[in-house]
1. Please determine whether any residue of the range 37-46 is out of contact with any Lys or Arg (no Cβ under 9 Å at 6 or more places or on another chain), free of Cβ contacts under 8 Å to residues at least 40 places away in the same chain and of a type in the set (K, R).
2. Only residues in the range 11-25 that are of a type in the set (S, T, Y) count as the first member; pair them with residues that are part of a helix (DSSP H, G or I) and buried (at least 22 other Cβ atoms within 10 Å of the Cβ), Cβ under 9 angstrom, at least 6 apart or cross-chain, and list the lot.
3. Determine if the range 67-87 includes at least one residue that is without any contact (Cβ under 8 Å) to a residue 12 or more places away in the chain, surrounded by fewer than 22 Cβ atoms within 10 Å (Cβ to Cβ), within 23 Å of V164 (Cβ to Cβ) and not charged (D, E, K, R).
4. Being outside any loop (DSSP other than H, G, I, E, B), surrounded by 22 or more Cβ atoms within 10 Å (Cβ to Cβ) and of a type outside the set (S, T, N, Q) is the filter here; which residues of the range 186-217 pass it?
5. Please pick out the residue among G74, G62, G34 that is farther than 18 Å from T232 by Cα, modelled with pLDDT of 95 or more, out of contact with any strand residue (DSSP E or B) (no Cβ under 8 Å at 6 or more places or on another chain) and not hydroxyl-bearing (S, T, Y).
6. Among T106, T97, T118, T67, which is the only one that is among the β-branched types (V, I, T), under 24 Å from I40 (Cα atoms) and over 14 Å from the mean Cα position of the chain (by Cα)?
7. For the range 31-42, how many residues meet the condition of being on the phi < 0 side of the Ramachandran plot and surrounded by fewer than 20 Cβ atoms within 10 Å (Cβ to Cβ)?
8. Quick one: in the range 1-30, of everything that is under 17 Å from the mean Cα position of the chain (by Cα) and among the polar types (S, T, N, Q), which residue is surrounded by the most Cβ atoms within 10 Å (Cβ to Cβ)?
Amino acid sequence: MITVKTKEEISIMSQGGKISKNALKLALEMSDLGITLLEIEKEVSKFIEKSGAICSFKTVPGYHHATCINVNSGLVHGIPNNYKLKAGDLIKIDLGTFYKGFHTDTSATKEIATSNETKFIQAGINAVENAAKSCIVGNHLGDVSYEMQKAIEIDGYSVSRTLVGHGIGKNLHEEPLIPPYGKKGTGLLLKEGYVFAIEIIYQKGSPITKILKDNWTIETKDGSLGGLHEHTVAITRDGPLILT
């Protein structure tokens with residue numbers, strides 16, 4: 001069942017979204033040569049809690065961190081560790097906050113000290129921004145998914161076929177599932193009050209993935225570079241509202 005949020009609830013989510021946005025900004029600013037993933041995790045966790053929110057990911061059974069951090073071939077659900085960032089790494093940081101009863105979720109990709117993958121990163125940014133613009137009352141979920149697929153495949157990259165975005169609100173993961181591929185004019189009819197975590201998970205090579213021995217981290221099976229970008233977006237009478 002898809003939950004419809006009131007204007008008041010979306011206003012609360014907007015406040016939480018600002019915390020998520022600033023936490024991600026902090027994480028990306030910290031991401032530099034020699035910094036460990038755990039150092040980023042520690043500061044993000046501290047920031048979210050000092051902001052009066054709860055780290056959303058810590059509410060997931062069995063997970064104990066504020067962030068999921070992946071590097072290079074990693075896509076999602078990476079557990080922060082003592083890996084030190086080096087030149088050319090592609091770091092993907094995913095985080096969420098639970099504020100006054102509602103979750104928001106956001107992520108981004110950054111290249112460390114080089115600029116070889118600017119086009120690849122920009123493709124993911126375009127995918128989420130274009131998808132967000134399609135979150136209009138009367139559109140269909142397929143319109144949102146189509147925009148993600150188009151932005152990624154136009155540059156010769158591939159979208160995930162198993163990892164998707166999702167609805168969000170009182171629960172971190174709600175209906176509907178939002179795949180990064182689809183056909184315009186198909187699927188769920190979008191209504192005022194829907195809130196989506198629009199997430200593009202993509203890679204330079206094959207979309208086939210593997211799960212590491214930690215039972216959390218998902219990587220590309222062929223070792224190709226992966227990308228990740230995400231915003232929480234509310235559908236309002238006046239158009240899409242990016243909360244993060």
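1. yes
2. Listed pairs, sorted by first residue: S20/I48; S20/S56.
3. If we filter the range 67-87 for residues that are without any contact (Cβ under 8 Å) to a residue 12 or more places away in the chain, which is where we start, we get none.
Within the range 67-87, none of the residues are without any contact (Cβ under 8 Å) to a residue 12 or more places away in the chain, surrounded by fewer than 22 Cβ atoms within 10 Å (Cβ to Cβ), within 23 Å of V164 (Cβ to Cβ) and not charged (D, E, K, R).
4. Selection gives V195, F196, A197, I198, E199, I200, I201, Y202.
5. Values: G74 fails: out of contact with any strand residue (DSSP E or B) (no Cβ under 8 Å at 6 or more places or on another chain); G34 fails: out of contact with any strand residue (DSSP E or B) (no Cβ under 8 Å at 6 or more places or on another chain).
Step by step, each of G74, G62, G34 is checked, and only G62 is farther than 18 Å from T232 by Cα, modelled with pLDDT of 95 or more, out of contact with any strand residue (DSSP E or B) (no Cβ under 8 Å at 6 or more places or on another chain) and not hydroxyl-bearing (S, T, Y).
6. On the way: T106 fails: over 14 Å from the mean Cα position of the chain (by Cα); T97 fails: over 14 Å from the mean Cα position of the chain (by Cα); T67 fails: over 14 Å from the mean Cα position of the chain (by Cα).
None of the other options fit; the residue is T118.
7. Let us first name the residues in the range 31-42 that are on the phi < 0 side of the Ramachandran plot, namely 31-33, 35-42.
Narrowing further to those that are surrounded by fewer than 20 Cβ atoms within 10 Å (Cβ to Cβ): 32-33, 35-36, 38-39, 42.
Of the residues in the range 31-42, 7 are on the phi < 0 side of the Ramachandran plot and surrounded by fewer than 20 Cβ atoms within 10 Å (Cβ to Cβ).
8. S20
The values are calculated or read from the model by the stated rules, or taken from the named source; none is laboratory data. None of these values were measured; they are calculated from a predicted model. Backbone-built Cβ (ideal geometry, glycine too); neighbour counts: all protein chains shown.
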